1. Of 140, 235, 151, which has the largest mean-square fluctuation in a 10 Å C-alpha GNM of the chain?
2. Name the GluC sites (Glu not before Pro) in the range 82-111 that are in a loop by DSSP and that have at most 11 other C-beta atoms within 10 Å, would you?
3. Note the full-extension length gain between residue 143 and residue 23 as 0.36 nm times their separation in residues minus their Cα-Cα distance, in nm to one decimal.
4. Given a 10 angstrom Cα cut-off, can you work out which residue in 89, 47, 59 is the most mobile in a GNM of the chain?
5. What FRET efficiency do you get for residue 203 and residue 40 if R0 is 30 Å and r is their Cβ-Cβ distance, rounded to the nearest 0.05?
6. At R0 = 30 Å, how high is the FRET efficiency between residue 10 and residue 84 if r is their beta carbon distance? Nearest 0.05 is fine.
7. What accessible area per residue, rounded to a whole number of Å², is obtained for the chain using a probe radius of 1.4 Å?
8. For the range 157-262, state which trypsin sites (Lys or Arg not before Pro) are in a DSSP loop and have at most 12 other beta carbons lying within 10 Å of their beta carbon.
Amino acid sequence: MADAPSSNRQPLISGNWKMNLNHFEAIQMVQKLAYLLDKDDTRAVEVSVHPPFTDIRSVQTLIDADDIPIALGAQHCHWEEKGAFTGEVSPAFLAKLNVRYVIVGHSERRELFGETDDMVARKIAAVQSLGMVPIVCVGETLDEREAGATEEKVLGQVSAALKGRKPDQIGRLVVAYEPIWAIGTGKVATPEIAQDAIAFIRALVGGRSDEAAGQVRILYGGSVKPDNAAEILAEPDVDGALVGGASLDPRGFAEIVAAAAP
């Protein structure tokens with residue numbers, strides 16, 4: 001378990017399934033996870049899963065029917081509610097499916113699909129306008145880290161994300177620091193690296209609003225596993241984790257949730 005939190009921010013553990021699990025497998029995954037999650041842990045820790053788009057309706061139906069204490073999430077969306085955007089998904093469609101969290105600006109979207117800071121900012125506004133919560137991803141590459149440019153990269157991404165947002169809107173955001181060099185590589189930032197980067201992000205938010213800085217939840221993402229989660233989550237500014245590969249193992253994911261419980 002993590003140390004007692006130094007704030008009233010409820011920890012959030014989010015599972016990003018990426019392009020894995022068809023809708024039959026997704027149903028089985030959530031059923032297994034619901035069985036493994038401890039009730040006390042889910043009262044203390046908010047849990048979200050982010051299936052592929054084709055699974056969302058199936059997972060929503062199961063969560064609603066069985067009253068499972070898991071929030072439904074999505075991995076991506078467009079910033080427009082409708083239009084000639086072949087292959088894209090409207091945030092309004094996600095809101096109708098009771099999606100609560102939407103990952104925005106994941107490094108794979110930025111690196112592989114060319115998402116810019118401006119596109120990410122538009123998505124943040126669209127997601128919040130429909131009553132959902134963006135999980136805004138920021139982080140540096142290995143080259144940028146070795147060049148001492150981590151803070152410069154994160155500053156640019158966070159500044160773009162906060163542009164035009166009011167303090168109360170900023171406070172309702174979730175930010176995920178995901179060092180790109182640690183995603184899916186087996187490498188993981190030390191707890192000290194995670195704490196330093198997340199404290200820097202919180203200070204940037206504080207430059208806009210002290211109140212928002214105390215409210216915004218900032219997660220760590222990057223090869224989070226059951227055997228390293230507790231140490232990372234014990235850091236004072238780390239409010240949870242955005243979990244990739246380990247979220248596909250229901251037992252391991254439940255152990256990460258337990259590690260976040262105060």
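1. Residue with maximal mean-square fluctuation among 140, 235, 151: 151.
2. Working: sites: 88, 108, 111; in loops: 88.
Sparse-neighbourhood loop GluC sites (Glu not before Pro): none present.
3. Stretched fully, the residue 143-residue 23 segment lengthens by 39.4 nm.
4. Its mean-square fluctuation being the largest, the pick is 89.
5. Working: r = 33 Å, r/R0 = 1.10.
With R0 = 30 Å, the Cβ-Cβ based efficiency is 0.35.
6. 0.15
7. 46 Å²
8. Within the range 157-262, the qualifying trypsin sites (Lys or Arg not before Pro) (loop, at most 12 other Cβ atoms within 10 Å) are 187.
The values are calculated or read from the model by the stated rules, or taken from the named source; none is laboratory data. Everything numeric here is computed off the predicted structure, so don't read it as measured data. In this analysis, Cβ positions are derived from the backbone assuming ideal geometry, glycine residues included, and neighbour counts consider all displayed protein chains. For accessibility, only protein heavy atoms count, side chains too; no ligands or nucleic acids. Shrake-Rupley method; radii C 1.70, N 1.55, O 1.52, S 1.80 Å.
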